[in-house]
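Colleague: Structure below; questions to follow.
The values are calculated or read from the model by the stated rules, or taken from the named source; none is laboratory data. As the structure is a prediction and not an experimental result, all values here were calculated from the model. Every residue, glycine among them, receives a Cβ derived from its backbone with ideal geometry; neighbour counts consider all protein chains shown. What goes into the accessible areas is simple: the full protein's heavy atoms, side chains included, and nothing from ligands, DNA or RNA. Shrake-Rupley method; radii C 1.70, N 1.55, O 1.52, S 1.80 Å.
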Amino acid sequence: MRNFALGALMLGAMALPAAADYTIMAPANPGGGWDQTARTMQEVMQAEGISPTVQVVNVPGAGGTIGLAQFASQNAGNPDALIVGGYVMVGAILTNASPVTLADVTPIARLTGEYEAIVVPASSPIQTIEDLVAALKADPGAVSWGGGSAGGTDHIAVGLIAKAAGVDPTKINYIAFSGGGEALAAILGAQVTAGVSSLGEFQAQVEAGTLRLLAVSSAERIPGIEAPTLKEAGLDVVLQNWRMVAAAPGLSDEQKAKVSADIEKLVKSKGWQDQLAQKGWADTYLSGPEFDAQLQADIAATAAVLKDIGLVK
């Protein structure tokens, strides 16, 4: 009887769907938006009981395309592997002519959106976005911009700013960093004239007074943020960075549905919503066929922008 009871318990346990032990790849160095997204997912998925154990691994380089290639080649059919990406990766795939694209993984959902911020060190003589644009017009090459990977949202933002200011976008002096931590150190150290990144990556330093926030890329002023929009400064630029999560290639329909259900639990949880509010991330959750269609539209639009500003032939 004892053996029978134990056997019945084991069979019952086997019949229950097991919670996944996820590994999330952040295809960049620690400190940036993808790393923050992956580690926030890790924290919330564990706290909400969505997954008992979640690991985060960092594989930096080439706007996420090195990590993407490694993820796609090493995880085929693995339902417990996830990778974060987004607008930056879309641009990097195009500018790097990456042989591995988002078509080689299984996009699950768009998670968050965040506007770009333009900052200078507190010690900089540049006081306003108008001052920065005047310097750019006077000598485009003398104004150095520090931001994320080549062809990503930050790079696109600088190109659009230059174009809106009547400056040849191909003449901008853009210095790409593979992680937010590296870019921030260069900006704080005045190694570049100005910095460009998602607002949340600069917020702590702006509040501490070590960085001066010149402008944001939203269509209207952001409540609680003391900075004008680029449009207010006469630059017709509105740009939102977005981040997504994808699963491994080669998943069955059932495996994809399980991952999608777990991500839906994540984004609808109180823990996740609290994190969004704390970090200033907009909830742009979109999944299923709607996300697939939006992703294809975004890829096409990004290719057009990159060609327009001379980053893709």
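Colleague: Can you find even one residue in the range 5-17 that is at pLDDT 95 or above and touching a helix residue (DSSP H, G or I) at 6+ places or on another chain (Cβ under 8 Å)?
Modeller: Let us first name the residues in the range 5-17 that are at pLDDT 95 or above, namely none.
Among the residues of the range 5-17, not one is at pLDDT 95 or above and touching a helix residue (DSSP H, G or I) at 6+ places or on another chain (Cβ under 8 Å), which makes the answer no.
Colleague: Still on this structure, please answer the following. Among the residues of the range 157-166, what is the count of those that are open to solvent by 20 Å² or more (accessible area, probe 1.4 Å) and either polar (S, T, N, Q) or not in a helix (DSSP H, G or I) (or both)? Show your work before the answer.
Modeller: Pass one, the range 157-166, residues open to solvent by 20 Å² or more (accessible area, probe 1.4 Å): 160, 163-164, 166.
If we keep only those that are either polar (S, T, N, Q) or not in a helix (DSSP H, G or I) (or both) as well, we get 166.
Total meeting the criteria: 1.
Colleague: Determine whether the range 192-203 contains at least one residue that is open to solvent by 40 Å² or more (accessible area, probe 1.4 Å) and farther than 22 Å from I156 by Cβ. Let's see the steps before the verdict.
Modeller: Just the residues of the range 192-203 that are open to solvent by 40 Å² or more (accessible area, probe 1.4 Å), to begin with: 203.
Cutting the leftovers down to farther than 22 Å from I156 by Cβ gives us none.
Looking for residues that are open to solvent by 40 Å² or more (accessible area, probe 1.4 Å) and farther than 22 Å from I156 by Cβ, one finds none in the range 192-203, hence no.
Colleague: Name the single residue that is modelled with the lowest pLDDT among those in the range 261-313 being of a type in the set (K, R) and under 18 Å from V84 (Cβ atoms).
Modeller: In the first step, residues of the range 261-313 are kept if they are of a type in the set (K, R); the result is 265, 268, 270, 279, 307, 313.
Cutting the leftovers down to under 18 Å from V84 (Cβ atoms) gives us 265, 279.
On the way: K265: 98, K279: 86.
My answer is K279.
Colleague: For the range 124-144, what are the residues that are small (G, A, S) and under 18 Å from L188 (Cβ atoms)?
Modeller: Taking the range 124-144 first, the residues small (G, A, S) are 124, 134-135, 138, 141-142, 144.
Result: S124, S144.
Colleague: What are the pairs with Cβ atoms under 8 angstrom where one residue, in the range 271-294, is in contact (Cβ under 8 Å) with a residue 24 or more places away in the chain and the other, located anywhere, is open to solvent by less than 20 Å² (accessible area, probe 1.4 Å) and among the acidic types (D, E)? Sequence gap at least six, or different chains.
Modeller: Partner pairs satisfying both residue conditions: G280/E114; W281/E114; A282/E114.
Colleague: Here's something else I'd like to know. So the check is Cβ under 8 Å with 6+ separation or different chains; which pairs have a first residue in the range 119-140 that's under 15 Å from G209 (Cα atoms) and a second one that's acidic (D, E)?
Modeller: Sorted first by the residue in the range 119-140, then by its partner, the pairs are P125/D131.
Colleague: From A185, A227, A233, grab the single residue that is open to solvent by 10 Å² or more (accessible area, probe 1.4 Å) and farther than 25 Å from T302 by Cβ. Don't jump to the end; show me each part of the working.
Modeller: Details: A227 fails: open to solvent by 10 Å² or more (accessible area, probe 1.4 Å); A233 fails: farther than 25 Å from T302 by Cβ.
Exactly one residue qualifies, and that residue is A185.
Colleague: Among residues belonging to the range 209-222 that are in contact (Cβ under 8 Å) with a residue 60 or more places away in the chain and more than 18 Å from L160 (Cβ to Cβ), point out the one that is surrounded by the fewest Cβ atoms within 10 Å (Cβ to Cβ). Spell out how you get there, then give the answer.
Modeller: Applying the first criterion (in contact (Cβ under 8 Å) with a residue 60 or more places away in the chain) to the range 209-222 yields 209-218, 222.
Applying the additional criterion that residues be more than 18 Å from L160 (Cβ to Cβ) yields 209-213, 222.
Values: G209: 8, T210: 16, L211: 22, R212: 20, L213: 20, I222: 16.
Result: G209.
Colleague: If I filter the range 239-260 down to residues being open to solvent by 40 Å² or more (accessible area, probe 1.4 Å) and modelled with pLDDT of 95 or more, which single residue comes out as nearest to L68 (Cα to Cα)? Spell out how you get there, then give the answer.
Modeller: At the first step, the residues of the range 239-260 found to be open to solvent by 40 Å² or more (accessible area, probe 1.4 Å) are 240, 250, 252-258.
Of the ones still in play, those that are also modelled with pLDDT of 95 or more are 250, 252-258.
On the way: G250: 15, S252: 20, D253: 22, E254: 23, Q255: 20, K256: 18, A257: 22, K258: 22 Å.
Applying the filter and picking the extreme gives G250.
Colleague: Mind counting the residues in the range 167-181 that are touching a Lys or Arg at 6+ places or on another chain (Cβ under 8 Å) and open to solvent by 40 Å² or more (accessible area, probe 1.4 Å)? Don't jump to the end; show me each part of the working.
Modeller: Filtering the range 167-181 for residues touching a Lys or Arg at 6+ places or on another chain (Cβ under 8 Å) gives 167, 169.
From what is left, the residues that are open to solvent by 40 Å² or more (accessible area, probe 1.4 Å) are none.
Residues flagged as touching a Lys or Arg at 6+ places or on another chain (Cβ under 8 Å) and open to solvent by 40 Å² or more (accessible area, probe 1.4 Å) within the range 167-181 amount to 0.
Colleague: Open to solvent by less than 60 Å² (accessible area, probe 1.4 Å) and either touching a residue at least 12 places away in the same chain (Cβ under 8 Å) or under 25 Å from I309 (Cα atoms) (or both): is that true of V206 in this structure?
Modeller: Numbers: open to solvent by less than 60 Å² (accessible area, probe 1.4 Å): yes; either touching a residue at least 12 places away in the same chain (Cβ under 8 Å) or under 25 Å from I309 (Cα atoms) (or both): yes.
For V206, the condition - open to solvent by less than 60 Å² (accessible area, probe 1.4 Å) and either touching a residue at least 12 places away in the same chain (Cβ under 8 Å) or under 25 Å from I309 (Cα atoms) (or both) - is met.
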